[in-house]
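The next block holds one structure in the form of structure tokens; read it before the comments.
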Amino acid sequence: MAQAVINPRIRGFVCLTSHPAGCAANVARQIAVAKASGPGRGLGNVLVIGASAGYGLASLITTVFGHGAKALAVAYERPGQGEKAASAGWYNIAAVQRAAGGAVKAINGDAFSDALKQQVVEALKAGFGKIDAVVYSLASPKRKDPASDTVWSSVLKPIGAPYASKTIDLDSDTIKPVSIAQATDAEIAATIQVMGGDDWKRWIDALLAADLLAPGCRTVAYSYIGPQLTHAIYRAGTIGRAKDHLEATAALLSASIRARCGASAGAWVSVNKALVTQASSAIPVVPLYISLLYKIMKEKQCHEGTIEQMVRLWRDHLAPGKTPAVDEVGRIRVDDWEMRPDVQAAVAALWEQVDSGNLLAVSDYASFKREFRQLFGFEIDGVDYTVPVETEAAWA
């Protein structure tokens, strides 16, 4: 096995390297939280689509280590080759598998493709059986339409008018103005194709056609709404249109699933809290908002990380025997602590004050930066980054 000393190489919201020991330590911490908080049993077979990072990884860990599930994890990641490190997601899945002792199998490939869906169907028939829960947690800037081979690309743009605000320059750690042109109709449509509910529906249709959904089966996809501060660029923008489509898809899927799997089955969208992910780091304004949000929520002792969010979601809403609590349009809301009026008022007040000179004093930007690096296995307590590590790790 090849070994190398791996250091972070970061450009803006992209980290070009990842550390296997750091990723493993990050996974171990999440596993400990899931074990401490979950009932330890209750779920049968789970399929997690987009299982290698963020909310998908936390869902995989929560269902397996918190609820006793056997899981098939689907992701599209890069294995290590020689001294070249694998992607962080590859190391995350490998670490979960080592800890799970055979309870987690993984398939690597393009989850948008029909071929990968068929591969998953065959794997489920061969080694799992019917599925009790399906998590859909894909995050990708592009999607190839399996019917037409058209490649759709998503954009982060406002709708109806240009957008101007302030954001953090992640390279210089300074506040700078940001201005974004409004989206075209074609860009809106393409973003819906990438980030809306079409592929989620294709997955569920394929599983239904193969008779692989168990009685009471539940499926969940993840979304975000956010505050007024980010409304124009996020929920009222192109991504928001895609999330509207995702939420409308949930209603259609619920009808199909309940017809086959019973009244307790269904499809839900869970609106989650703003957290540090590679995707959120790429959205203008959001890193600054998250930095202020973290400071306020930690002060008010209501801050949660990714694993804590998923533990609460599955414990309170999606575990067998639970009836999901939903808002007026049918969404599960685990962003409820973030959206508390006192939290949002305090964040809005800091927003008016923050500038390059006081960024570190009035925000928790230091935690934002550290958590971003931790996504790739860096700045993890207890890891010696001067020691060469094996870069290659196998999936089971």
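The values are calculated or read from the model by the stated rules, or taken from the named source; none is laboratory data. No experiment lies behind these values; they were computed from the predicted model shown. Backbone-built Cβ (ideal geometry, glycine too); neighbour counts: all protein chains shown.
Selection over region 215-242 of residues that are under 15 Å from ALA255 (Cα atoms) and among the small types (Gly, Ala, Ser) gives a count of 1.
Evaluate the following for SER280: is it at pLDDT below 95, closer than 19 Å to SER59 by Cβ and not basic (Lys, Arg)? In short, yes. Considering region 307-361, and only residues there that are aliphatic (A, V, I, L, M) and farther than 19 Å from LYS273 by Cβ, the residue that is surrounded by the fewest Cβ atoms within 10 Å (Cβ to Cβ) turns out to be ALA361.
Name the single residue that is surrounded by the most Cβ atoms within 10 Å (Cβ to Cβ) among those in region 363-388 being in contact (Cβ under 8 Å) with a residue 24 or more places away in the chain and of a type in the set (A, V, I, L, M). Among those that are in contact (Cβ under 8 Å) with a residue 24 or more places away in the chain and of a type in the set (A, V, I, L, M), it is LEU375. For region 1-53, the set of residues classified as of a type in the set (A, V, I, L, M), touching a Lys or Arg at 6+ places or on another chain (Cβ under 9 Å) and within 30 Å of LYS201 (Cβ to Cβ) consists of LEU43, VAL46, listed by residue number.
Report yes if ARG315 is within 19 Å of the chain's Cα centre (by Cα), basic (Lys, Arg) and farther than 17 Å from ILE225 by Cβ, otherwise no. When the stated conditions are applied, ARG315 passes them. Scanning region 340-389 for residues that are within 27 Å of the chain's Cα centre (by Cα) and among the charged types (D, E, K, R) turns up ARG340, ASP342, ASP364, LYS369, ARG370, GLU371, ARG373, GLU379, ASP381.
Restricting attention to region 20-50, the residues that are under 17 Å from ILE131 (Cβ atoms) and in contact with a His (Cβ under 6 Å, 6 or more places away or on another chain) add up to 2.
Among strands (runs of 3 or more DSSP E) lying entirely in region 166-273, which contain 2 or more residues that are buried (at least 23 other Cβ atoms within 10 Å of the Cβ) and of a type in the set (A, V, I, L, M)?
Passing ranges, in order: 213-223, 266-271.
The residues in region 141-166 that are touching a Phe, Trp or Tyr at 6+ places or on another chain (Cβ under 9 Å) and farther than 22 Å from LEU229 by Cα can be counted, and the count is 5. Of everything in region 278-332 that is among the polar types (S, T, N, Q) and touching a Leu at 6+ places or on another chain (Cβ under 9 Å), the residue that is nearest to GLY44 (Cα to Cα) is GLN309. Among the numbered criteria (1) free of Cβ contacts under 8 Å to residues at least 12 places away in the same chain; (2) within 30 Å of ALA361 (Cα to Cα); (3) not acidic (Asp, Glu), which single criterion is violated by GLN309? Condition (1) is where GLN309 drops out.
For region 230-257, a tally of residues being of a type in the set (A, V, I, L, M, F, W, C) and within 18 Å of ALA279 (Cα to Cα) returns 6. Taking region 209-229, which residues are more than 25 Å from ASP327 (Cβ to Cβ) and out of contact with any helix residue (DSSP H, G or I) (no Cβ under 6 Å at 6 or more places or on another chain)? Listed by number, the residues that qualify are ALA209, ASP211, ALA214.
Candidates SER18, SER52: the one that is within 30 Å of PRO320 (Cα to Cα) and among the hydroxyl-bearing types (Ser, Thr, Tyr) is SER52.
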